[in-house]
Amino acid sequence: VRPPQEPSYFFVLDVSATAVQSGFLKHAANAIKKSLDDLPGRTRTRIGFITYDNSVHYYSLAPDLQSPQMMVVSDLKELFVPAPDHLLVNLKESRNVVESFLDSLPDMFAKRPVAGRSCLGPALKAAFTVLKPVGGKMCVFQ
């Protein structure tokens, strides 16, 4: 009998100009940060993030990083996962990087907000591709 999979949560967040300027992104990041301790799974919980505007942004949240590494995929027709390692990480091991990411997220996109169309469809496809091998819950903030 195989042990149960770790509870996995993948957050998909809109970072378009509207989301940034309305304050939505700041409030969503704060709400996620406040809820980290309430996620089921305790020491086994896995977490990951994708953001999107007119591109899809993946984040490496390796526990040995000071801050997350962002990888941008702009070709939405040929969407791919740029580096599958550390896109879905153990929350306990990467807690500092995850909190650093959530603290800096609103400011990251406030400097150069992207107006226009958002690519929610490709972002969902990208998140599904990351979660597919392990399963989990996808939480979309738009």
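The values are calculated or read from the model by the stated rules, or taken from the named source; none is laboratory data. The structure presented is a predicted model; accordingly, all values stated were derived computationally and were not measured. Backbone-built Cβ (ideal geometry, glycine too); neighbour counts: all protein chains shown. Side chains included, ligands, DNA and RNA excluded: accessible areas come from the protein's heavy atoms. Shrake-Rupley method; radii C 1.70, N 1.55, O 1.52, S 1.80 Å.
Multiply the residue separation of S100 and R117 by 0.36 nm, subtract the distance between their alpha-carbon atoms, and state the gained length in nm to one decimal.
Fully extending the segment from S100 to R117 adds 3.3 nm.
How would region 42-136 be classified by its alpha-carbon gyration tensor: rounded, prolate or oblate, with rounded meaning a/c under 1.5 and the a/b versus b/c comparison settling the rest?
Taking the square roots of the gyration eigenvalues as a ≥ b ≥ c, region 42-136 is oblate.
Among T129, F109, Q69, whose Cα projects farthest towards the positive end of the dipole of region 21-134, with charges put on the beta-carbon of Lys, Arg (+1) and Asp, Glu (-1)?
Of the listed residues, the answer is T129.
Using Cα pairs closer than 8 Å and at least 6 residues apart in sequence, work out the relative contact order for region 1-75, in percent.
Once normalised by length, the contact order is 32 percent.
Rounded to the nearest 20 debye, what is the charge dipole size of the chain about its Cα centre when +1 sits on each Lys and Arg Cβ and -1 on each Asp and Glu Cβ?
300 debye
So which chymotrypsin sites (Phe, Trp or Tyr not before Pro) in region 1-90 end up in coil per DSSP with only 15 or fewer other C-beta atoms within 10 Å?
Passing sites in region 1-90 are F80.
Give me the distance in nm between label points sitting 7 Å out from Cα along the Cα-to-Cβ direction at D64 and A17, one decimal.
Placing both labels 7 Å along Cα→Cβ, they lie 4.1 nm apart.
I need the trypsin sites (Lys or Arg not before Pro) found in region 56-142, filtered to DSSP loop residues with at most 16 other beta carbons within 10 Å of theirs.
K77, K92, K111, R117
Please tell me the relative contact order of region 39-142 in percent, rounded to the nearest whole number, where contacts are Cα pairs under 8 Å and at least six residues apart.
32 percent
For the chain, with all protein chains present and a 1.4 Å probe, just round the carbon and sulfur fraction of the accessible area to a whole percent.
Carbon plus sulfur share of accessible area: 51 percent.
Can you tell me how much longer the chain between L36 and V81 gets when fully stretched, taken as 0.36 nm per residue apart minus their C-alpha distance, in nm with one decimal?
Numbers: separation 45, 0.36 × 45 = 16.20 nm, distance 2.50 nm.
Value of the extension gain: 13.7 nm.
Averaged per residue, what accessible surface does region 97-140 expose to a 1.4 Å probe, in Å²?
58 Å²
Near P82, within a Cβ-to-Cβ distance under 15 Å, what is the net charge of the other residues, with Lys and Arg +1 and Asp and Glu -1?
On the way: positive: K125; negative: D75, E78, D85.
Result for the local shell: -2.
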